[in-house]
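One structure is given here, and the rest of the page talks about it.
No value in this document is a laboratory result; all are computed from the given coordinates. Computed from a predicted model, the values in this text were never measured in an experiment. For neighbour counting, all protein chains shown are included, and Cβ atoms are generated from backbone atoms with ideal geometry for every residue, glycine included.
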Ligand code: FAD
C-alpha cells in the first residue's frame with residue numbers, strides 16, 4: 001500500500017532504490033536548474049537577531065561562515081518596489097501585509113497570474129508554524145548561489161548547544177517508543193532529516209586543503225555521520241523529509257503553476273514558470289511516488305487541535321534557536337530550511353485547499369519567500385539524497401582510505 005504515516009520508506013510503494021532513481025533522473029536536474037533562476041536565488045532574511053536563550057557569543061570569525069549580501073541593484077526591481085510600498089503602508093497605519101495585488105479571476109482572463117503575497121519582513125504569511133513577525137524587523141536579500149551551503153568549520157560545543165535546543169523541542173528522542181504519536185514522529189523526522197541533509201552537504205563539500213582552497217568529499221566524515229548502520233535512521237529521516245516536502249510541492253501545484261514569477265526579466269521568468277510546471281507535472285514523480293504518506297490521517301484524534309498548537313509552539317522555539325547559530329552562513333541556510341519546512345507543514349496540514357481540481361482559485365496563499373524557501377529546501381534535500389547515494393558507493397569502494 002502507499003506509505004504509511006510512519007513515513008517508513010520501506011513499508012511503502014516507493015522503495016529506497018526507486019526514490020533514489022526518481023530523484024537522480026527526474027527531480028534533481030529540474031531543481032538544480034530552478035534554484036539558479038533569478039526568482040529562486042534571492043532569499044529575504046534577517047541574520048542579525050539576538051539569541052533569546054543565552055548571551056550572544058558570536059563566533060563569526062571563521063572565514064567560511066561569512067555571508068555576502070546582495071548589492072542593492074542586484075535585487076529584482078519589482079521586489080524592491082513592493083518592499084517600499086509595504087513599508088509606506090506601514091507608516092500610514094495600514095496593515096504591513098500587502099495582499100495579492102490582483103485577485104485571481106480565471107473566469108475573466110485565463111492568463112491572469114497569481115500575484116504572491118509580499119510581506120515586509122521575511123517570515124511566512126498567515127502561517128501558524130511561523131513566529132509572528134516583529135514589525136520593525138530588519139532584513140536583507142541574500143544571493144544563495146553566492147553563499148553555497150557547505151562545510152564552514154562551525155562545530156563543537158557551540159553548535160551542539162543549538163542542536164540540543166532543537167532536539168529538546170522535538171519531544172521525541174528517536175527511540176521507537178510505542179506511545180509516541182504519529183504527529184510527534186513526523187515532527188521529529190523532519191528536523192532530523194534536515195540535520196542529515198546539512199551533514200550530507202558538509203561531507204560532500206568539505207574543505208580538504210585550506211592553504212590551496214581545495215573542496216571535495218570527506219568520506220570518513222560521511223561514514224561517521226551518515227554512512228554506518230548505527231545511524232541508518234538518520235538517512236531514513238532524510239528520505240522522509242524529502243518525500244514530505246515533495247508531497248507538499250505537488251499539493252501546492254495548482255498555485256505554483258499560476259504564480260507570476262516576476263523579477264523584471266521576462267525571458268528568464270518564463271523559464272522559471274516552465275521549470276516549475278515540468279516539476280509538478282512530471283509523470284515520473286507522480287507515478288513513482290503518488291502518496292508518500294497519508295497526511296489526512298494526522299490531527300484527527302480528540303487531542304488533535306491541542307497537539308497541533310503545542311507542536312507549533314515548539315516549532316517557534318526551534319525557529320528562535322536559529323538566532324543562536326554562531327555562523328552566519330549556517331544561520332542563513334538554517335532559517336531558509338526551517339521556513340521551507342513551515343511552508344510544507346502549512347500546505348499539507350491546512351484546511352484550505354490549493355485549488356486542486358475544484359475550478360476555484362486557490363484559497364491557500366503563499367508569500368514569495370515561502371515559495372522560495374520550500375523549493376530551495378526541496379533542492380537541498382534532493383541533492384543530499386544524491387550525495388548519500390554517491391558517497392555510499394565511494395565508501396564501499398574503499399579506495400579513499402589509501
Ligand atoms: P552534529 O551534527 O553537531 O550533531 C550533534 C548530535 O546530534 C550528534 O552527536 C548526534 O547525537 C545527533 N545527530 C546528528 N545527526 C542527527 C540526525 N540526522 N538526526 C538526529 N540526531 C542527529 N556546519 C557546516 O559546516 N556547514 C553548515 O552549513 C552548517 N549548518 C548548520 C546549521 C545549523 C542550524 C546548526 C545548528 C549547525 C550547522 N552546522 C553547519 C554545524 C554542523 O551541523 C555540526 O554541528 C558540526 O559539523 C559538528 O558535527 P558533529 O559531528 O559534532 O555532530
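Observations, loosely collected:
- The ratio of the alpha-carbon radius of gyration of the range 151-257 to the globular-protein estimate 2.2 N^0.38 Å is 1.26.
- Additional length obtainable on full extension of the chain from residue 73 to residue 270, 0.36 nm per residue less Cα span: 68.8 nm
- Pair residue 229, residue 286: separation of 7 Å Cα→Cβ label points (nm): 4.1 nm
- At full extension, residue 146 and residue 401 could sit 88.6 nm farther apart than now, given 0.36 nm per residue minus the alpha carbon distance.
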